[in-house]
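All remarks here apply to the structure that follows.
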Amino acid sequence: MIIAIDGPAASGKGTLGKRLAAHYGFRHLDTGLIYRAVGKAVLDRGGDLADEAAALEAARSLDPAHFDDPELKTQAAGEAASVVSAHPAVRAALLDFQRTFAAAPPGAVLDGRDIGTVICPDADVKIFVVAKPEVRAHRRALEARSRGEAADEGAILADILKRDERDKNRAAAPLKQAEDAVLLDNSYLDIEGGVRAAIDIVEAVRAGRRRV
Ligand code: C5P
């Protein structure tokens, strides 16, 4: 079984996907980390994020063993990810890795922006996660402070709004809800509530249940 989690509030720390995967005994891939790693690699080499060839080179030499680098969680890496992820060649270079991950048994949860629309259009369950931008900014500020970073919530909110606009309006795999995705708004849910709601959705879709 493949579960696709997309949406502006989808990955973040990857907590929802990770918890869902643990619940079902599946593997988990936070695809945001891939784009963050590409962005960081370009910056580390002193390259220009807008340069598609430089970003493609970084995507081709990506090492998943480094996905747990704490630097990938920073706002700067997220912003860099949003720029390099708009390059079509970068997205194309990362397609096979994601599809291979998704197809391997016993099942997988992938979270990102285009899993249900482009990477795994045949995913068994698709969940589109949204939350009010102010709530997301508050959560990101708390996360940053828990890592010992200073966090200006207003600046984080501005960054979130800018990134959402870029993700929605890019030509390559823009952020949008797949027609067969179920919407989950977790603005008023804590992590436990969000995980429970996601499990409820998975169970309802698998059982073919629908509220009419
Ligand atoms: O979810 P996260 O904040 O880690 O994603 C960072 C950025 O990476 C997003 O703003 C988006 O531009 C990009 N991304 C993407 N496609 C994905 C996952 C992330 O374009 N599947």
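The values are calculated or read from the model by the stated rules, or taken from the named source; none is laboratory data. Worth saying up front: this structure is predicted, and the values here are computed from it rather than measured. Methodologically, a virtual Cβ is constructed for each residue, glycine included, from the backbone with ideal geometry; neighbour enumeration extends over all protein chains shown. For accessibility, only protein heavy atoms count, side chains too; no ligands or nucleic acids. Shrake-Rupley method; radii C 1.70, N 1.55, O 1.52, S 1.80 Å.
A few remarks follow.
- Hey, Arg139 more than 30 Å from Leu56 (Cβ to Cβ), within 13 Å of the ligand (Cβ to nearest atom), at pLDDT below 95 and of a type outside the set (S, T, N, Q) or not: yes
- In the set Leu43, Leu49, Leu16, only one residue is closer than 22 Å to Ile160 by Cα, within 13 Å of the ligand (Cβ to nearest atom) and more than 17 Å from the chain's Cα centre (by Cα); that residue is Leu49.
- Here the condition is being modelled with pLDDT of 95 or more and more than 12 Å from the ligand (Cβ to nearest atom); of Pro64, Pro121, it holds for Pro121 alone.
- Entirely in region 89-196, the strands (runs of 3 or more DSSP E) that have 3 or more residues that are open to solvent by less than 40 Å² (accessible area, probe 1.4 Å): 108-111, 125-130
- Qualifying residue in region 25-32 (condition: of a type outside the set (A, V, I, L, M), without any contact (Cβ under 8 Å) to a residue 40 or more places away in the chain, closer than 26 Å to Ile201 by Cβ and away from the ligand (no atom under 11 Å from the Cβ)): no
- Considering only residues in region 42-77 that are outside any helix (DSSP H, G or I), open to solvent by 50 Å² or more (accessible area, probe 1.4 Å) and not acidic (Asp, Glu), the one that is nearest to Thr31 (Cα to Cα) turns out to be Ser61.
- Ala86, sole failed condition from (1) more than 9 Å from the ligand (Cβ to nearest atom); (2) closer than 12 Å to Tyr35 by Cβ: (1)
- Of all the numbered requirements in (1) more than 28 Å from Pro88 (Cβ to Cβ); (2) within 18 Å of the chain's Cα centre (by Cα); (3) basic (Lys, Arg), Arg163 misses one, and that requirement is (1).
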